[in-house]
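Enquirer: Sending over a structure as structure tokens; questions will come in a sec.
The values are calculated or read from the model by the stated rules, or taken from the named source; none is laboratory data. Please read these numbers as outputs of a predicted model, since none were measured by experiment. Every residue, glycine as well, gets a Cβ built from its backbone with ideal geometry; the counts of neighbours run over all protein chains shown. We work out accessible area using only protein heavy atoms, side chains counted, and drop any ligands, DNA or RNA first. Shrake-Rupley method; radii C 1.70, N 1.55, O 1.52, S 1.80 Å.
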Protein chains: 2
Amino acid sequence: MPGLFWIVPIAGVLTMLFVLWLARDVLKRDSGTPKMREIGDMIFQGAWAFMKRQYSTIAMFAVVVAVVIGVLVGVLGHNQPGYSGFDIAWRTSVAFLVGALCSGFAGFAGMYIAVKSNVRCASASQRSLREAVTVALRGGGVAGFLITAMSLIGVTAIFFAFGGYDKPDIAPNLIVGFGFGASFVALFAQLGGGIYTKAADVGADLVGKVESGIPEDDPRNPAVIADLVGDNVGDCAGRGADLFESTAAENIGAMILGIAVYVVTKNVVWILFPLVVRGFGMIASMVGLISVKANEKENPMNALNRGYYVALVLSVVGLFVSVHYMLNKDLGGKEYWLFGAGLVGIAASIIVVYITRYYTEFRYRPVKEIAEASKTGPATNIIAGLSVGFETTFATAMIIGVSLMLAYWFGTQSGIAGAGAFGTAVATMGMLMTCPYILTMDAFGPITDNANGINEMAGAGPEIRKVTDRLDAVGNTTKALTKGYALVSAGLAAFLLFQAYLDRVSIIKFGTPGEYTVVDIARVEVFVGALLAAMVVYLFSGMAIKAVGKTAGKIIEEVRRQFRADPEILNPKDPKNPHKPDYAKAVDITARAALREMVAPGLLPVLAPVIVGLVFKWMNYDAPMVVAGFLMVGTIGGIMMASFMNNGGGAWDNAKKMIEDGQLKDEKGNVLGKKTPAHAAAVVGDTIGDPLKDTAGPSLHVLIKLLATVTLVLVPLFIK
Amino acid sequence: MPGLFWIVPIAGVLTMLFVLWLARDVLKRDSGTPKMREIGDMIFQGAWAFMKRQYSTIAMFAVVVAVVIGVLVGVLGHNQPGYSGFDIAWRTSVAFLVGALCSGFAGFAGMYIAVKSNVRCASASQRSLREAVTVALRGGGVAGFLITAMSLIGVTAIFFAFGGYDKPDIAPNLIVGFGFGASFVALFAQLGGGIYTKAADVGADLVGKVESGIPEDDPRNPAVIADLVGDNVGDCAGRGADLFESTAAENIGAMILGIAVYVVTKNVVWILFPLVVRGFGMIASMVGLISVKANEKENPMNALNRGYYVALVLSVVGLFVSVHYMLNKDLGGKEYWLFGAGLVGIAASIIVVYITRYYTEFRYRPVKEIAEASKTGPATNIIAGLSVGFETTFATAMIIGVSLMLAYWFGTQSGIAGAGAFGTAVATMGMLMTCPYILTMDAFGPITDNANGINEMAGAGPEIRKVTDRLDAVGNTTKALTKGYALVSAGLAAFLLFQAYLDRVSIIKFGTPGEYTVVDIARVEVFVGALLAAMVVYLFSGMAIKAVGKTAGKIIEEVRRQFRADPEILNPKDPKNPHKPDYAKAVDITARAALREMVAPGLLPVLAPVIVGLVFKWMNYDAPMVVAGFLMVGTIGGIMMASFMNNGGGAWDNAKKMIEDGQLKDEKGNVLGKKTPAHAAAVVGDTIGDPLKDTAGPSLHVLIKLLATVTLVLVPLFIK
């Protein structure tokens, strides 16, 4: 095999075995008391039912889209050297379906284990913090590693199926459909899950905490199971699909950029390089995960961080080995510049952690400001939160901007063809090497959140609650970090995907990459395309948060209906044997509404670039350039909006937690804690932040990449 | 004089006479009871003191900036045909100061009359609605017409002072400083005024209505005068400076585009054309204003609309005459395509009215949705408002996008050099022809708002209150319309300013326009510049709304202090002779805080493009292109954000009004009016919307144009 390519199958097989071992380890553990198992089963059934229904809907859409792509590319497309338009069309459609299928499978399997882990984590929390951390981490690891492995194996397999070594300069162009399939599923998974989770959360809180005055996660609340289900389908399955997509799109885009070098050097390692780096990253992450040993005394976050640093150091080694052994032949010493570009990506992944923590932890100024503003009511709390959220775009833009400039410059120094863009690709590879570990930490969040909820509902003692409370707080931090990571990596990946797009236009128009490079935003049509893209970001965000509001309305109605129909749910005559609410009904109604509401915002970013491209083509403009402008400014707009929403939402959330924690004081030094007007104001802020940070924001990461993959796939349509 | 140029001095002189007549007419009217005069005087003194202090600060900054520009352009700049770098430098500085001075004078004078009009409007409301409308409209007209006249006269005078007919191809490049001076003043005027008005509003409400339970505009509230002052300095002076800037920048930009045609045809009318069109527009607006006759029975808005349509029809005629007599010689029949382009702009100014009304009046879906969402509390109200605000970007982007494409296409058909861009310039001219009328309607808002407040404080009877209440409601609508108009015209003007920027780069680099045309956003440095620009929009917005929060905090402290120091302010022992609060102290504290807080957000958009340009120049990139990318994507981002803020804020405001109006009902058909939880929720939404729609949003219009003028002026710095 050329270069170090043998690492790819080895990493793939190893990871799959690792996933099986993790799953077996988690499943064989004690699943707690019958009461806990009962609650766990309800969550499992709710999540499973939602996922089944959600993915049936997505599958239906996906088949339609696959056919439409096939027909459009077949009829309107162009022949390419070695392939007829028809060949390209069916291969794109098949790749799309395979990508969609892999994403779906990874989501389902990861979710299955995550939902099975929560009750085991709750049970483990009765024995020790250390065991609870182990269970949550291993359960999360199944999702994290399976997702990354499926992406690597899927891209590699389809690369070989569509030509592989025989046509290494053409195959990557045929597998772009895989990335589109993955992002298509990811968008609906994230949107549907995000709408579900926040509608359930907002609905359960408004009608439970606010209207009926019962605590969070109280078993009398009919929406409580829906709320717990939501954590899994939104945070876990949604983010998994998001990063599955990131890794796939990054691999494919980087392979397309590799073609430009391959055309000159005829050395296939340039196309295989991204796969090898990913392989090393998976092994590094595996070792990192195994190394985590939580300590009863310390903050569990420290243990997770140690594991992360192990994964990072090994990634640096793996990157160096890949660069040294694969690229030396063609670059003769200059390959270390590309190693530098990779280090830029790895550094970015560390910096983003610190910045996210600054903006969302209550030790620092931003969250403190929001908590202070809560003293004068919800309006000032929200004004403060908006201004913090807006402010965070500075850090996001600087990380992405500086990383891109540096990586591009490092790339240029290496002297290969299209070297600057390849430098940004290597930076993205570097950043995404630790993706399995990051995803594991992300899935840690909903598992511990659920474990905490199960303990509450099962009436566990305060000592045990303390353990899962601590884990839950860690989970909130890891969820925020993953969002920052996903956003910055999406920003870096975007630039390489633009270049891949331009290369693809060039190949179709001129038969060779690198001939079509200019996107002139001073042309009126490109400027208008860019304006429309910026608008789509706002429109999409508006639709997503409106969907949460509408779905929450349905849940509120249902809970009110149950309380009216049977008042003994809330106030049982016999407290030992209360009437049970109909949890399943609430779950079902939430699911139906969430799935209905995800359709319109989901279709918008798929259709908008296609419509823009076709309309401007029909008007005889240079449509591929208009679409490129749309793509680039849409990406910029999406990054900014997501940064505002993710970090602002996180800051609102933690301002509320800070007040609940008793850390806010009035002028006289009295603690302003729960049940004060300041707390009520902070709850309003948190409720507004919820759909921003868990529905619209994360969906925007996917939107950014979906814009890139949909345009990459449909390029042939836009060219006259 | 060439072409119809004689219309410019005639329109200028006529307008000045008209302004004098309006001012005399208003000032000679009855100024009401001693009580009303006393209140009016307090507002006048507060506004005057604030303006004086604000403009002293601005003047200081302006002098510094003028010197810095002179030195920078002199040292780092380039010689141009006919002028040394030094010549250009001092002329730019002088033009900057003249622009700043004109803007300041127009603001002061308009403001003076507006503040004198409010008490006369209150007095007139005791006699008839018709007279009250007349007073408010004529008072507003002083501001509206003076501002536009100053802009036209200023640009024309400085054009002749710097060469005029002798060097028509160079003079416009020397007067770009005028536009920068105008936008520099406008930014600080809008920011300072916007922070003042909303901080006073939020502060007075929170501590008055919410904490102490006294009604709005109650004389016991120490912040009530500050609130009334705010309406004048924010809405009236701020928006006036904004549109002064728009008209100046549009004229200068269009003259620079005209150079490209002049170079070919040697016909100076191409450079004078924008001034002539503006002249016709002023006359059309004058006739429109004179034609307004309010009817006691009907909605006063209809009377204003009739006047607007008169102005529009006359503008169409004026535009046709200008095109027909001035451009026929060179285009021989094809000039009517440019008339078409102008019609596009006029059509845009009509459509924007309907769209703004759809999103902000409570007859329509968007505001109804927000009011409905208030039933479940402030959180759902705000989520609904955000989603409506986000949605409005669609309409804004479509109007601007379609207008640009159409105007560009019409321009191209005329066949002149740089014709497409010139088409968009003519569209902007068309749109801005009715600017004096629109500005008059805008100033109508704060005058009637103040008249209403004076009536409340002077204890006028319910019949009289009804008259000013009706006018106040109309004023809210006209304020919203002006914002939509200002935003869309800024969007159209932006594109012509980009082209002027590129032409200026071309002239400096190559000695002739039209050689430097490409802004390639696919280059990493341009992409990063664009990303930074999008970020600056968020950062600026965050700083602006945070400034409101901070300033409001100061006012709240002061009001609380006064209530504590003398409880008899709130609950007088002798109700006939209550203790008076210290209004002046509250006004003074607000002014100090607002002026301090305007500095940082004001400097950001001035410095950001300069820093970006110089850093990228230092790094050896094509800095003028990076700055162009910054400018274009910053414009796009600013338009979208402003659309969200202006319309979302307006919708929140009117959702509250809808509830106060008794138009919201619960399931059982009971009215949910004032003092219900739904109303409280809507008040929170309105309070959040306030700094968005009256501070950050309008400041963003100015920011968009300031980015254009600052880069236009500092182009020489960015070129190696």
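Enquirer: With the checklist (1) surrounded by 23 or more Cβ atoms within 10 Å (Cβ to Cβ); (2) facing chain B (nearest Cβ under 8 Å) in hand, flag the one item residue A:553 doesn't pass.
Expert: All conditions are met except number (1).
Enquirer: Next question, about the same structure. State whether one or more residues within the stretch A:174-192 are in a helix (DSSP H, G or I) and open to solvent by 10 Å² or more (accessible area, probe 1.4 Å). Step through it out loud before you land on a result.
Expert: From the stretch A:174-192, those in a helix (DSSP H, G or I) are A:174, A:176-192; that's our starting set.
If we keep only those that are open to solvent by 10 Å² or more (accessible area, probe 1.4 Å) too, we end up with none.
For the stretch A:174-192, residues in a helix (DSSP H, G or I) and open to solvent by 10 Å² or more (accessible area, probe 1.4 Å): absent.
Enquirer: If you scan the stretch B:562-586, which residues turn out to be closer than 21 Å to residue A:380 by Cβ and touching a Pro at 6+ places or on another chain (Cβ under 9 Å)?
Expert: Initially, the stretch B:562-586 is screened for residues closer than 21 Å to residue A:380 by Cβ, giving B:562-564, B:586.
Within the stretch B:562-586, B:562, B:563, B:586 qualify.
Enquirer: Residues of the stretch A:213-240 being in a helix (DSSP H, G or I) and among the hydrophobic types (A, V, I, L, M, F, W, C), which ones?
Expert: If the condition is that a residue be in a helix (DSSP H, G or I) and among the hydrophobic types (A, V, I, L, M, F, W, C), then A:224, A:225, A:226, A:228, A:229, A:233, A:236, A:237 are the ones that fit.
Enquirer: Here's a follow-up. Looking at the stretch A:162-173, is at least one residue open to solvent by 10 Å² or more (accessible area, probe 1.4 Å), at pLDDT below 85 and in a helix (DSSP H, G or I)?
Expert: Within the stretch A:162-173, one or more residues are open to solvent by 10 Å² or more (accessible area, probe 1.4 Å), at pLDDT below 85 and in a helix (DSSP H, G or I).
Enquirer: Looking at the stretch A:684-707, can you tell me whether even one residue there is more than 30 Å from residue A:489 (Cβ to Cβ) and not acidic (Asp, Glu)?
Expert: Yes: the stretch A:684-707 contains one or more residues that are more than 30 Å from residue A:489 (Cβ to Cβ) and not acidic (Asp, Glu).
Enquirer: Condition (residue is under 26 Å from residue B:421 (Cβ atoms), part of a helix (DSSP H, G or I) and basic (Lys, Arg)) applied to the stretch B:476-492: is it met by at least one residue?
Expert: Initial filter on the stretch B:476-492 (under 26 Å from residue B:421 (Cβ atoms)): B:484-492.
Next, from what is left, pick out any that are part of a helix (DSSP H, G or I): B:484-492.
Right, trim to basic (Lys, Arg) and you get none.
Within the stretch B:476-492, none of the residues are under 26 Å from residue B:421 (Cβ atoms), part of a helix (DSSP H, G or I) and basic (Lys, Arg).
Enquirer: Also, I was wondering about something else. Do we find that residue A:322 is open to solvent by less than 10 Å² (accessible area, probe 1.4 Å) and closer than 30 Å to residue A:679 by Cα in this structure? Show your work before the answer.
Expert: Values: open to solvent by less than 10 Å² (accessible area, probe 1.4 Å): yes; closer than 30 Å to residue A:679 by Cα: no.
Against the criterion (open to solvent by less than 10 Å² (accessible area, probe 1.4 Å) and closer than 30 Å to residue A:679 by Cα), residue A:322 does not qualify.
Enquirer: Then there's this: Of all the residues that make up the stretch B:517-550, how many are at the interface with chain A (Cβ under 7 Å from one of its Cβ atoms) and over 30 Å from residue A:638 (Cβ atoms)?
Expert: Matching residues across the stretch B:517-550 total 0.
Enquirer: Whether any residue in the stretch A:444-460 is closer than 19 Å to residue A:347 by Cα, surrounded by 24 or more Cβ atoms within 10 Å (Cβ to Cβ) and not aromatic (Phe, Trp, Tyr) is what I want to check.
Expert: No, every residue in the stretch A:444-460 fails to be closer than 19 Å to residue A:347 by Cα, surrounded by 24 or more Cβ atoms within 10 Å (Cβ to Cβ) and not aromatic (Phe, Trp, Tyr).
Enquirer: Starting from the stretch B:625-638, keep only residues that are facing another protein chain (nearest Cβ under 10 Å), then list their pairs with residues that are of a type in the set (Ser, Thr, Tyr) and outside any helix (DSSP H, G or I) whose Cβ atoms are within a distance under 9 Å, requiring at least 6 positions of separation or different chains.
Expert: Pairs that qualify, where the first residue is facing another protein chain (nearest Cβ under 10 Å) and the partner is of a type in the set (Ser, Thr, Tyr) and outside any helix (DSSP H, G or I), are B:625/B:516.
Enquirer: Here is a further query. Filter the stretch B:556-579 down to residues that are more than 22 Å from residue B:196 (Cα to Cα) and among the basic types (Lys, Arg) and give me whichever is surrounded by the fewest Cβ atoms within 10 Å (Cβ to Cβ). If you could, list the steps in order and put the result at the bottom.
Expert: Of all residues in the stretch B:556-579, those more than 22 Å from residue B:196 (Cα to Cα) come to B:564-579.
From what is left, the residues that are among the basic types (Lys, Arg) are B:564, B:573, B:576.
Working: B:564: 9, B:573: 9, B:576: 5.
Among residues in the stretch B:556-579 that are more than 22 Å from residue B:196 (Cα to Cα) and among the basic types (Lys, Arg), the one surrounded by the fewest Cβ atoms within 10 Å (Cβ to Cβ) is B:576.
Enquirer: Return the residue satisfying two criteria in turn: it lies in the stretch A:649-667 and is within 14 Å of chain B (Cβ to nearest Cβ) and out of contact with any Ser or Thr (no Cβ under 7 Å at 6 or more places or on another chain), and of such residues it is most open to solvent (accessible area, probe 1.4 Å).
Expert: Among those that are within 14 Å of chain B (Cβ to nearest Cβ) and out of contact with any Ser or Thr (no Cβ under 7 Å at 6 or more places or on another chain), it is A:667.
Enquirer: Filter the stretch A:504-520 down to the residues that are among the β-branched types (Val, Ile, Thr) and either open to solvent by 10 Å² or more (accessible area, probe 1.4 Å) or over 30 Å from the mean Cα position of the chain (by Cα) (or both) and list them by number.
Expert: Once the filter is applied, which keeps residues that are among the β-branched types (Val, Ile, Thr) and either open to solvent by 10 Å² or more (accessible area, probe 1.4 Å) or over 30 Å from the mean Cα position of the chain (by Cα) (or both), the stretch A:504-520 yields A:507, A:508, A:512, A:517, A:518.
Enquirer: Given the conditions (1) surrounded by 24 or more Cβ atoms within 10 Å (Cβ to Cβ); (2) outside any helix (DSSP H, G or I); (3) of a type in the set (Lys, Arg), and given that residue B:198 satisfies all but one, which numbered condition is not satisfied?
Expert: (2)
Enquirer: Considering every residue within the stretch A:47-58, establish whether at least one is in contact (Cβ under 8 Å) with a residue 24 or more places away in the chain, open to solvent by less than 80 Å² (accessible area, probe 1.4 Å) and more than 30 Å from residue A:282 (Cβ to Cβ).
Expert: For the stretch A:47-58, residues in contact (Cβ under 8 Å) with a residue 24 or more places away in the chain, open to solvent by less than 80 Å² (accessible area, probe 1.4 Å) and more than 30 Å from residue A:282 (Cβ to Cβ): present.
Enquirer: Of everything in the stretch A:659-690, what is outside any loop (DSSP other than H, G, I, E, B) and in contact with an Asp or Glu (Cβ under 9 Å, 6 or more places away or on another chain)? Give them in sequence order. Steps first, answer last, please.
Expert: So the first thing to find is which residues in the stretch A:659-690 are outside any loop (DSSP other than H, G, I, E, B), and the list is A:659-660, A:665, A:671, A:677-690.
Passing the criteria: A:678, A:679, A:682, A:683, A:685, A:686, A:687, A:689, A:690.
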